[in-house]
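Novice: The structure under discussion is supplied below as structure tokens; questions concerning it will follow.
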Amino acid sequence: MRKLINSVKTKAVCAAGRARAALRNERGDFYISDGVKIIIAVVLGALLLAALTAIFNDTVIPRITQEIEGLFG
């Protein structure tokens, strides 16, 4: 049991040290480039979603509706 407690304590101390080092880090160059990448991904995703929505609403859904009405109407 003591071995388990010491292991957990060591891991907690190491995690606290890593967190402290990350908070002290004053280099921000990677954060800006990562932020730009995320913004680009969100914009491209929104454009892709808008394009797919337009295609489905204008082409696919009316065609499916027409086919179903043709079968049952």
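Novice: Restricting attention to segment 20-31, report how many residues are part of a helix (DSSP H, G or I) and either over 23 Å from the mean Cα position of the chain (by Cα) or modelled with pLDDT under 70 (or both).
Specialist: Pass one, segment 20-31, residues part of a helix (DSSP H, G or I): 20-24, 29-31.
Filter once more, so that each one left must be either over 23 Å from the mean Cα position of the chain (by Cα) or modelled with pLDDT under 70 (or both): 20-21, 23-24, 29-30.
Here the count works out to 6.
Novice: Of these, Asp58, Asp34, which one is more than 28 Å from the chain's Cα centre (by Cα), among the charged types (D, E, K, R) and either outside any helix (DSSP H, G or I) or surrounded by 10 or more Cβ atoms within 10 Å (Cβ to Cβ) (or both)?
Specialist: Residue meeting the stated conditions: Asp58.
Novice: Which condition number does Leu4 fail, the rest of (1) of a type outside the set (Asp, Glu); (2) loosely packed, with under 10 Cβ neighbours inside 10 Å; (3) modelled with pLDDT of 90 or more being met?
Specialist: Among (1) of a type outside the set (Asp, Glu); (2) loosely packed, with under 10 Cβ neighbours inside 10 Å; (3) modelled with pLDDT of 90 or more, the lone unmet condition for Leu4 is (3).
The values are calculated or read from the model by the stated rules, or taken from the named source; none is laboratory data. Just so we're clear, the structure is a prediction, and the values are computed from it rather than from any experiment. FYI the Cβ positions are ideal-geometry reconstructions off the backbone, even for glycines, and counts take in every protein chain you see.
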